[in-house]
Amino acid sequence: MIVVMKKGADEAQIQAISERAAGWGLKAHVSAGAEVTVIGLIGEEAAAQGPALEMMPGVEKVMPVMKPYKRASTEFHPEKTVIKIPPARHGDRGLNIGGPGVVVMAGPCSVENRDMILSLGAFLKGTGAHMLRGGAFKPRTSPYAFQGLGVEGLRYLAEERSVVGLPVVTEVMDTRDVEMVSEFADVIQVGARNMQNFNLLKVLGRCRKPVMLKRGLASTLEELLMSAEYVMSEGNTEVILCERGIRTFEKFTRNTLDLSAVPVLKRESHLPVVVDPSHGVGHWDLVAPMAKAAVAAGADGLLLEVHPDPAKAVSDGPQSLTPKRFKELMGELELVARAVGRNLH
Ligand code: PEP
Ligand code: MN
């Protein structure tokens with residue numbers, strides 16, 4: 001962090017900065033020039049103190065020199081993070097997220113019933129999908145809309161894992177449910193609306209399951225990376241970043257899927273990046289083109305909503321693919337993956 005003092009700032013003001021910095025455990029290096037004085041502050045937490053320093057008397061401006069995210073950054077950790085998902089059943093192969101293979105997580109928006117989860121899970125496994133998605137706790141805009149089956153839904157997902165063999169990704173919304181959800185899930189999803197629920201992120205940072213963080217509806221990529229930092233700073237380094245579209249003025253799509261997030265996040269961070277075109281566009285007919293584009297852009301995985309009968313879905317039917325369309329898409333994705341030196345295995 002560099003603090004540039006105002007022209008004519010006096011000794012006492014410069015001294016006050018050094019003392020304040022020492023109070024935060026930072027070292028201050030003062031370079032007094034003929035015109036202005038510049039103070040370099042060194043220490044882990046320097047970046048967080050910018051706003052406080054800016055308000056001190058005699059300060060012209062404060063300039064960060066390091067990224068505010070550390071554990072999530074390529075700067076701090078140049079090797080790519082590969083998250084290993086253990087085999088769902090004895091004898092199955094495990095799964096790598098962030099390796100050469102593109103991981104496809106597919107399933108309904110909400111877990112609706114046992115039959116659906118078991119039969120759709122078996123179908124999806126047959127198409128080559130790698131994980132089953134499905135929400136048991138649903139963050140709905142309306143309190144009157146279906147809120148999810150809760151623990152009953154988690155049990156169906158766990159049954160699918162042991163019978164069919166697809167590992168499970170499911171959302172947690174409440175700190176009080178983290179322990180329970182982590183017993184059932186292979187990857188714990190944090191929904192867009194909770195991306196900055198910092199208490200939830202801290203609790204997830206202390207659990208031992210990978211966490212998939214979905215980008216908030218109006219969050220910058222830096223904010224997404226800072227949320228990853230929250231989880232990682234508590235000890236859990238297995239974080240997956242998920243682009244799922246952001247709010248813009250555009251009305252033809254539910255959100256605006258920001259595919260530039262993929263190369264940006266992959267430049268800034270070593271963490272795997274997943275794209276959710278279903279929530280990104282909101283209409284099933286737009287999902288396949290954006291899924292293919294996401295793989296072409298370098299995504300490590302896709303999160304796709306698939307429903308046996310989208311017209312009857314309790315949530316997100318309009319953006320859900322039919323099983324038939326999903327199967328076709330898997331064939332198309334394989335070709336795109338190969339074209340960019342990846343695969344779908
Ligand atoms: C979901 O994946 O079903 C979901 C609720 O997503 P988001 O948090 O991105 O809206
Ligand atoms: Mn959904």
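The values are calculated or read from the model by the stated rules, or taken from the named source; none is laboratory data. Note that the structure is predicted; figures quoted are calculated from it, not measured. Here Cβ is always computed from backbone atoms with ideal geometry, including for glycine, and neighbour counts include all displayed protein chains. In case anyone asks, the SASA skips ligands and DNA or RNA and just uses the protein heavy atoms, side chains included. Shrake-Rupley method; radii C 1.70, N 1.55, O 1.52, S 1.80 Å.
Quick look at the numbers
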{"item": "Ranked packing of 197-203, 222-228, 308-314, most packed first, by mean Cβ within 10 Å", "result": "222-228, 197-203, 308-314"}
{"item": "Estimated Rh, the stretch 2-63: Kirkwood, alpha-carbon pairs, angstrom", "result": "11.3"}
{"item": "Compactness of the chain - radius of gyration and Dmax, Cα, Å", "result": "22.9, 77"}
{"item": "Per-residue [θ]222 nm for the chain (sum of -39500 (n - 2.57) over DSSP H runs n ≥ 4, rounded to 500)", "result": "-10000 deg cm²/dmol"}
{"item": "Sparsely packed GluC sites (Glu not before Pro) within the stretch 26-135, loop by DSSP, other Cβ within 10 Å at most 14", "result": "35, 44, 45, 75, 79"}
{"item": "Accessible area of residue 20 in the full protein assembly, 1.4 Å probe (Å², nearest 10)", "result": "110"}
{"item": "Neighbourhood net charge (15 Å Cβ-Cβ; Lys/Arg +1, Asp/Glu -1) for residue 135", "result": "-3"}
{"item": "Per-residue ³J(HN,Hα) for the stretch 75-89, Karplus 6.51 cos²θ - 1.76 cosθ + 1.60, θ = phi - 60°, Hz, x for Gly and Pro", "result": "3, 7, 9, x, 6, 5, 8, 10, 9, 9, 9, x, x, 5, 10"}
{"item": "Label zone at residue 92 (point 7 Å along Cα-to-Cβ), backbone N below 16 Å, the stretch 148-182", "result": "154-170"}
{"item": "Cβ-derived FRET efficiency at R0 41 Å, residue 11 paired with residue 248, nearest 0.05", "result": "0.25"}
{"item": "Solvent exposure ordering (accessible area, 1.4 Å, most first) of 232, 290", "result": "290, 232"}
{"item": "Prolate/oblate/rounded label for the stretch 66-194 (Cα gyration tensor, a/c 1.5)", "result": "oblate"}
{"item": "Carbon + sulfur, % of accessible area of the chain - ligands and nucleic acids excluded, 1.4 Å", "result": "55"}
{"item": "Centre separation in Å (Cα based) which lies between the stretch 91-159 and the stretch 53-81", "result": "38"}
{"item": "Straight-distance crosslink candidates among lysines, where the alpha carbon sits under 20 Å from residue 7 and sequence neighbours closer than 8 are dropped", "result": "61"}
{"item": "Under 25 Å from the Cα of residue 67 - lysines, other chains or at least 8 residues apart", "result": "6, 27, 80, 202, 214, 266"}
{"item": "DSSP-loop GluC sites (Glu not before Pro) across the stretch 232-274, with at most 10 other Cβ within 10 angstrom", "result": "250"}
{"item": "Solvent accessible area, Å² - residue 24, 1.4 Å probe, full protein context", "result": "70"}
